[in-house]
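**Q** Got a structure here, written out as structure tokens. Questions coming.
The values are calculated or read from the model by the stated rules, or taken from the named source; none is laboratory data. From a predicted model like this one, the values you see are computed outputs, not experimental measurements. Here Cβ is always computed from backbone atoms with ideal geometry, including for glycine, and neighbour counts include all displayed protein chains. Heavy atoms of the whole protein, side chains included, go into the accessibility calculation; ligands, DNA and RNA do not. Shrake-Rupley method; radii C 1.70, N 1.55, O 1.52, S 1.80 Å.
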Amino acid sequence: MEKIYTWQSFFYEAGSLSRFAGRFFSRWFKPRYEIAEFFRQCYIIGYKSLPLVGLTGFIMGLVLTMQLRPSMVDYGVESELPAIVGIAIVREIGPVITALIFAGKIGSSIGAELGSMRVTEQIDAMEVSGTNPFKYLVVTRVLASTFMLPVLVMLSDVISLYGSYLGVNIKGTTSFHLFWSQVFANLSYSDVIPAFIKSYFFGFAVGMIGCYKGYNSSKGTEGVGRSANSAVVVSSVLIFVIDLLAVQITDLFGFN
């Protein structure tokens, strides 16, 4: 029987997630520190996501440039194409699209991995053996997601701009130096810093939701599938909510 979601279940889920996040912050600073597991998760979450993120970023920059070019030619501002694409990618498109790809790959992976460990009682076995499963499984993954997504966003921005450079030269000729000069001449710290900061919150949201859904999974293999699916859906929605709040905050401080 399919579960019916109500406002009561929504607030219960929100409260449970808040307690889970509070438990994360309370355990973060306390020893024992799982340094080796943290770096292993950084490798899995960050390095192994780079090919997918890079390919997506390259296509995104190339397609965006090819789509914008005809309109800008009609308005006679074709020379401003590198500047406009650069600002769009760095400020908004790069962080959000990269975070959504990250949520689809990493959020589902964490939810499925921890969910399978929960239903097969591996987490219970860790607790019985004296190991702190929350510290080892949750804290390391959330921290790795939080710190790796901004790195992936920066790399994706660079790859996207390179794809844009190729897109500009499909129907025209723009030197490499001129293209990048136009991009950097029109970017400012108010474009880069807010996008960089909000990517930390994107990474934290993806890691926290994935761990929460997987760590509290139930109902056998069906529960594992639901955990992976709901981790992607909820974290994707949170990315848009965080982005909306970030835009309002940056506008309040005059960065827009």
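**Q** Kindly indicate which of 86, 94, 15, 54 is touching a Gly at 6+ places or on another chain (Cβ under 8 Å), open to solvent by less than 70 Å² (accessible area, probe 1.4 Å) and assigned to a helix (DSSP H, G or I). Full working, then the answer.
**A** Details: 86 fails: touching a Gly at 6+ places or on another chain (Cβ under 8 Å); 15 fails: touching a Gly at 6+ places or on another chain (Cβ under 8 Å); 54 fails: touching a Gly at 6+ places or on another chain (Cβ under 8 Å).
The conditions single out 94.
**Q** Sticking with this one: Here are 146, 140: which of them is under 29 Å from residue 254 (Cα atoms), surrounded by 17 or more Cβ atoms within 10 Å (Cβ to Cβ) and either at pLDDT 90 or above or touching a helix residue (DSSP H, G or I) at 6+ places or on another chain (Cβ under 7 Å) (or both)?
**A** Sole residue among the options that is under 29 Å from residue 254 (Cα atoms), surrounded by 17 or more Cβ atoms within 10 Å (Cβ to Cβ) and either at pLDDT 90 or above or touching a helix residue (DSSP H, G or I) at 6+ places or on another chain (Cβ under 7 Å) (or both): 146.
**Q** Right, here's the next one. Looking for whichever is among the hydrophobic types (A, V, I, L, M, F, W, C) and free of Cβ contacts under 8 Å to residues at least 60 places away in the same chain here; the options are 245, 187. Which one fits?
**A** 245
**Q** Can you tell me how many residues in region 97-108 are over 14 Å from residue 230 (Cβ atoms) and either open to solvent by less than 30 Å² (accessible area, probe 1.4 Å) or not basic (Lys, Arg) (or both)?
**A** Matching residues across region 97-108 total 7.
**Q** If you check 53, 85, which single one turns out to be in contact (Cβ under 8 Å) with a residue 40 or more places away in the chain, in contact with a helix residue (DSSP H, G or I) (Cβ under 6 Å, 6 or more places away or on another chain), within 23 Å of residue 233 (Cα to Cα) and among the β-branched types (Val, Ile, Thr)?
**A** On the way: 85 fails: within 23 Å of residue 233 (Cα to Cα).
Checking each option against the conditions leaves just 53.
Per-residue answers, yes or no, for (1) polar (S, T, N, Q); (2) over 16 Å from the mean Cα position of the chain (by Cα); (3) farther than 30 Å from residue 47 by Cβ:
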| residue | (1), (2), (3) |
| --- | --- |
| 166 | no, yes, no |
| 181 | yes, yes, yes |
| 196 | no, no, no |
| 202 | no, no, no |
| 214 | no, yes, no |
| 219 | no, yes, yes |
| 224 | no, yes, no |
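**Q** Output the number of residues of region 183-230 satisfying the condition of being over 17 Å from residue 14 (Cα atoms), in a helix (DSSP H, G or I) and open to solvent by 50 Å² or more (accessible area, probe 1.4 Å).
**A** Narrowing region 183-230 to residues over 17 Å from residue 14 (Cα atoms): 183-203, 218-226, 228-229.
Now drop any that are not in a helix (DSSP H, G or I), which leaves 183-186, 189-203, 220-226, 228-229.
Among the residues that remain, those that are also open to solvent by 50 Å² or more (accessible area, probe 1.4 Å) are: 184-186, 189, 192-193, 196-197, 200-201, 221-222, 226, 229.
Residues in region 183-230 being over 17 Å from residue 14 (Cα atoms), in a helix (DSSP H, G or I) and open to solvent by 50 Å² or more (accessible area, probe 1.4 Å): 14 in total.
**Q** While we're looking at this one, here's another question. Output the residues belonging to region 149-182 that are open to solvent by less than 40 Å² (accessible area, probe 1.4 Å), within 30 Å of residue 34 (Cβ to Cβ) and either modelled with pLDDT under 90 or of a type in the set (A, V, I, L, M) (or both).
**A** 149, 152, 153 - these are the residues of region 149-182 that are open to solvent by less than 40 Å² (accessible area, probe 1.4 Å), within 30 Å of residue 34 (Cβ to Cβ) and either modelled with pLDDT under 90 or of a type in the set (A, V, I, L, M) (or both).
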